[in-house]
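Working notes, beginning with the structure itself.
Read-outs: derived from the displayed coordinates by stated rules, not from any lab. Computed from a prediction, not measured in an experiment: that's the story for all the values here. Cβ sites come from the backbone with ideal geometry, for glycine too, and all protein chains shown count toward neighbours.
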Amino acid sequence: MTAIHPIYPLNDPMPKAAADAPIGIFDSGIGGLSVAQEIARHLPNEHIVYYADTAHVPYGPRDDQEIRELTAHAIEWLYRKGCKVAVVACNTASAFSLDYLRAHYGENFPIIGLVPALKPAVLQSKTKTVAVLATPATFRGQLIKEIVERFAKPAQVQVMSVTNLDLVPFVEAGAQMSAACLQTLQEILQPAVDQGADFLVLGCTHYPFLKPAIQHIFGQKLTLIDSGFAVARQTARILIKNELLFEQDRKDAVRIECYVSGRNAENLKPILSRLISEDLTWTVENISN
Ligand code: DGL
């Protein structure tokens, strides 16, 4: 793997952050807000800094090295912003970056990653057929192959890979319930339903925002599973283990501070206000670098 250089040279060992520092969350775009909201609810005293690389979304069609470099850049930004941990709230970015990032930052800046939630689907499927919806890049990565080997194969569950490059842009545009998005979902998921899939693993953090659309088309035929709550629990575990959990009441403060690398932050506000639930306060601004 080609070396990835951080934005700024790191000469000294990283100092450990304090518990009152924010949790950094990164995604290629606004999809990782599905994870950020789970974390915000699960850890009500934590402050979140969310980095959306909207200048480069979608990552799905990009090659492995490019995904790795864009991810390294974003995580470095969160580190320099003073975050105490980083959550790579993107399956595509996690697929190519976790080993590198963990080796690079070491123990003082824990990196939490994502992998499609195949295990609970495999355990609960009655038809022994599970569909996974993810980007082509996620399916190329090693992480998904490992969980198929570890959970699906021993349980003799058939895993159907479903992929499509238009879904992330639909979510970025706030067009989840548009006729075009509904038609795309119908076309790509119907074959899985026809072949008996009873569970659909949402293997991209944009896709939980497609739940109403998928349920509108398929009703009870598909049970939808995503990684949000599991990642929130894992984040809590990592914070406790590293003595970084913030335990004072901070409920009145802004919960999610969003930064976007592309697109006009003002124009994004109406879309974000539909994605982020009303009980969570948030701000959004453009990143200058
Ligand atoms: N949210 C990203 C993921 O979980 C979207 C990927 C993309 O940008 O194509 O995979």
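THR92 meets each of the listed conditions (1) within 11 Å of the ligand (Cβ to nearest atom); (2) hydroxyl-bearing (Ser, Thr, Tyr); (3) touching a strand residue (DSSP E or B) at 6+ places or on another chain (Cβ under 6 Å) apart from (3). Among residues of segment 186-198 that are in contact (Cβ under 8 Å) with a residue 12 or more places away in the chain, those with a Cβ under 7 angstrom from a residue that is charged (D, E, K, R), sequence gap 6+ or separate chain, pair up as VAL193/LYS221; ASP198/LYS126. I'm checking my understanding of the structure. Among residues of segment 32-70 that are within 15 Å of PRO169 (Cα to Cα) and of a type in the set (Val, Ile, Thr), which one is nearest to the ligand (Cβ to nearest atom)? If we take residues in segment 32-70 being within 15 Å of PRO169 (Cα to Cα) and of a type in the set (Val, Ile, Thr), then VAL57 is nearest to the ligand (Cβ to nearest atom). The C-beta contact set for segment 73-98 (first residue over 23 Å from PHE139 (Cβ atoms) and outside any helix (DSSP H, G or I), second residue within 12 Å of the ligand (Cβ to nearest atom) and not small (Gly, Ala, Ser), distance under 9 angstrom, 6+ apart or interchain) comprises CYS83/ILE25; ALA86/ILE25; ALA86/PHE26. Report yes if ILE256 is touching a residue at least 40 places away in the same chain (Cβ under 8 Å) and under 22 Å from LEU43 (Cα atoms), otherwise no. It is true that ILE256 is touching a residue at least 40 places away in the same chain (Cβ under 8 Å) and under 22 Å from LEU43 (Cα atoms). Residues of segment 100-159 that are in a strand (DSSP E or B) and among the hydrophobic types (A, V, I, L, M, F, W, C): ILE111, ILE112, VAL130, ALA131, VAL132, LEU133, VAL159.
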